[in-house]
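Here's the structure we're looking at; comments come further down.
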């Protein structure tokens, strides 16, 4: 929890469990809210599982400054800061437990059809 605050700027709302071994917490970055749980029997961390099963994307106002902050805090950058074909300026990083995060901001309007996506509905 402390690392997510230092590296990515999340703010802790609450935590539960013993002070020396928290079982979980709720944190937010602006309007983005996440619920965290500690790894325990029957719930391996992604790092222990050895693969990604999901990715959280958080939109930030200044993705360049956010990227610099994450690097300074020692985040493992797995996708350098770049502009995507779908119009987002973003980077990807792993936290110490192996969760994959994308931090992004909208850079330009691009139709999903322009980059090969199909709109559902």
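The values are calculated or read from the model by the stated rules, or taken from the named source; none is laboratory data. Small disclaimer: the values here were computed from a predicted structure and weren't measured.
Of all residues in segment 44-60, those satisfying the criterion of being over 14 Å from the mean Cα position of the chain (by Cα) and either in a helix (DSSP H, G or I) or modelled with pLDDT of 85 or more (or both) are 47, 48, 49. Name the one entry in 22, 18 that is over 17 Å from residue 103 (Cα atoms), modelled with pLDDT under 85, part of a loop (DSSP other than H, G, I, E, B) and over 12 Å from the mean Cα position of the chain (by Cα). Of 22, 18, the one residue that is over 17 Å from residue 103 (Cα atoms), modelled with pLDDT under 85, part of a loop (DSSP other than H, G, I, E, B) and over 12 Å from the mean Cα position of the chain (by Cα) is 22.
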